[in-house]
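Asker: Dropping a structure here in structure tokens format, bear with me for questions.
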Amino acid sequence: MRRSHLKVSDLESDILKLVRSSSGISRVELARSLHLSPSTAGIYVERLIADGFLLETEKATRESGRPPMQLKLNPDGGEFAGIDFEARHIMATAVDFADTPLRRAHTEISANDSAADVVKKIEQTIAQVLPSDSRRLLAIGVGVPGLVNSTEGVALRYKYISKWKNIMLAKRLTTKFGVPVYLENNVRSMALAELWFGQGLGVRDFICVGIRSGVGAGMVLNGRLYSGARHGAGEFGRWRCPILLKRAAAWFGNGSQNPELPGVELQEATSARAIQRALQNAISSGEKSILKKKASAVTLEDIVQAIQCRDPLATLVVSEAAKCLGWAIAHLSLVADPEKIVIAGPLTQFGDALLQPLRATMESILALSESRMPEVVYSTMGEFSGALGAAALALHEWRPAR
């Protein structure tokens, strides 16, 4: 029976994914893993080699007899671009066919930028990382903040960008750059980066908590990214955290606009901008701090330096945010039972000032239910992790054209 073009493309994609997930694999091992006959596997491998996507080389460690040949990805097979953005920043990266990062770009989003402005900036940032030969670009992945319909390629809504609602981003970028475009929630793209390159490598069940302008969770369950029935899994930034000290609640804002709701939204207590705002409010209310004489707005770098100088106010604000975060992650852990929690985003700069109270809060909550405490670690991938994850999304979703 003759295979359809779709099935051929799917099979070739499966071969590339299997090679990508290994440091080198023989034709026999590949055929066995995909439940194919060696001759059938060989036909498709030869085609992928001819197309420039695979290389076949001798295994580094020689054994007796004929040296075994190993299939590997050809770095020159093409390039993928990954874009990750939130309320204030757009990050872009390009990787070659073997996942090696090539170029990076960063663009700032201003507070008064509309959705149309942001889309234009996304296009401009993508253009900065494109190969000189446009034919080398194979696909683009985009990590989108807020709710996203990955299947339709539509960014549904995000409260921190004006008029950001039902943006047909995949269609627009495909028209602009002429390649397939794949969308995913930006925190889930961070989780993909951790799964393939970072703290989640080899871990079947983990949660990546991304904290920037907002807060979200990318969940990898049984080795696969979980998106939910309506692409809304992990949007726990709207949970209301009831454990802020009364003194600190006034700095973060205590939900007084709707007094029937207790506490404060998690993203209004633990995001980077929320911590900056809380410390600024505390200083304005007369609290003592080494940052009191600072003429301009408090930055995250200012807070890091204040913590290093053991400033009591900065330490208290970060500790209160950490307790809220620990409260939320503990309850998320009760639902998903992850092996590991990975904290990603700029708050990793706070080191133990954030991590210790976060862990302590989690331990106290999980102990009450006799639940296991997951390992809690910081991401080590840096500010371009979401863009790298989006690029990885593109290279995993892309299929050779037939």
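Asker: Kindly evaluate residue 172 against the criterion of being more than 21 Å from the chain's Cα centre (by Cα), outside the structural domain of residue 283 (by TED's automatic domain parsing) and part of a helix (DSSP H, G or I). Even if it seems obvious, please write down each step before you answer.
Answerer: On the way: more than 21 Å from the chain's Cα centre (by Cα): yes; outside the structural domain of residue 283 (by TED's automatic domain parsing): yes; part of a helix (DSSP H, G or I): yes.
Yes, satisfied.
Asker: Continuing with the same structure: Just the residues that are of a type in the set (A, V, I, L, M), closer than 24 Å to residue 272 by Cβ and in a strand (DSSP E or B), please, taken from segment 187-224.
Answerer: From segment 187-224, those of a type in the set (A, V, I, L, M) are 187, 190-193, 195, 201, 203, 207, 209, 211, 215, 217, 219-221; that's our starting set.
Now restrict to residues that are closer than 24 Å to residue 272 by Cβ: 187, 190-193, 195, 207, 209, 211, 215, 217, 219-220.
Answer for segment 187-224, where residues must be of a type in the set (A, V, I, L, M), closer than 24 Å to residue 272 by Cβ and in a strand (DSSP E or B): 207, 209, 211, 215, 217, 219, 220.
Asker: In segment 363-398, how many residues are out of contact with any Leu (no Cβ under 8 Å at 6 or more places or on another chain) and aromatic (Phe, Trp, Tyr)?
Answerer: Matching residues across segment 363-398 total 1.
Asker: Residue by residue through segment 347-372, note down the ones that are over 16 Å from residue 209 (Cα atoms), touching a residue at least 12 places away in the same chain (Cβ under 8 Å) and among the aliphatic types (A, V, I, L, M).
Answerer: 353, 360, 365, 366
Asker: I would also like to ask the following. Please go through segment 292-334 and give me each residue that is of a type in the set (Val, Ile, Thr) and closer than 30 Å to residue 370 by Cβ, ordered by number. Full working, then the answer.
Answerer: The initial filter retains those residues of segment 292-334 that are of a type in the set (Val, Ile, Thr), namely 298-299, 303-304, 307, 315, 317-318, 329.
Listed by number, the residues that qualify are 318, 329.
Asker: Given the criterion surrounded by 18 or more Cβ atoms within 10 Å (Cβ to Cβ), part of a helix (DSSP H, G or I), in the same structural domain as residue 251 (by TED's automatic domain parsing) and touching a Leu at 6+ places or on another chain (Cβ under 8 Å), identify the matching residue among 343, 329. Steps first, please.
Answerer: On the way: 343 fails: part of a helix (DSSP H, G or I).
After applying the criteria, what remains is 329.
Asker: Something else about it: Restricting to segment 285-303, give me the number of residues that are out of contact with any Phe, Trp or Tyr (no Cβ under 9 Å at 6 or more places or on another chain), of a type in the set (Gly, Ala, Ser) and farther than 19 Å from residue 354 by Cβ. Write out each step before concluding.
Answerer: From segment 285-303, those out of contact with any Phe, Trp or Tyr (no Cβ under 9 Å at 6 or more places or on another chain) are 286, 288-299, 301-302; that's our starting set.
Imposing the further condition that a residue be of a type in the set (Gly, Ala, Ser) reduces the set to 286, 289, 295-297.
Next, only the ones that are farther than 19 Å from residue 354 by Cβ stay: 286, 295-297.
Here the count works out to 4.
Asker: Which of the following residues is at pLDDT 95 or above and not hydrophobic (A, V, I, L, M, F, W, C): 86, 123, 63, 152?
Answerer: Values: 86 fails: at pLDDT 95 or above; 63 fails: at pLDDT 95 or above; 152 fails: at pLDDT 95 or above.
Just a single option satisfies the conditions, and that option is 123.
Asker: Identify the residue in segment 294-326 that is touching a residue at least 12 places away in the same chain (Cβ under 8 Å) and not in a helix (DSSP H, G or I) and, among all such residues, is farthest from residue 236 (Cα to Cα).
Answerer: 309
Asker: Let me ask something additional. Identify the residue in segment 14-42 that is at pLDDT below 90 and of a type in the set (Ser, Thr, Tyr) and, among all such residues, is farthest from residue 69 (Cα to Cα).
Answerer: Checking each candidate, the answer is 21.
Asker: Let me ask something additional. Which is surrounded by 15 or more Cβ atoms within 10 Å (Cβ to Cβ) and farther than 30 Å from residue 117 by Cβ, of 82, 24?
Answerer: On the way: 82 fails: farther than 30 Å from residue 117 by Cβ.
Among 82, 24, only 24 is surrounded by 15 or more Cβ atoms within 10 Å (Cβ to Cβ) and farther than 30 Å from residue 117 by Cβ.
The values are calculated or read from the model by the stated rules, or taken from the named source; none is laboratory data. Note that the structure is predicted; figures quoted are calculated from it, not measured. Because the Cβ atoms are built from the backbone with ideal geometry, glycine has one as well, and the counts that use them run over all protein chains shown.
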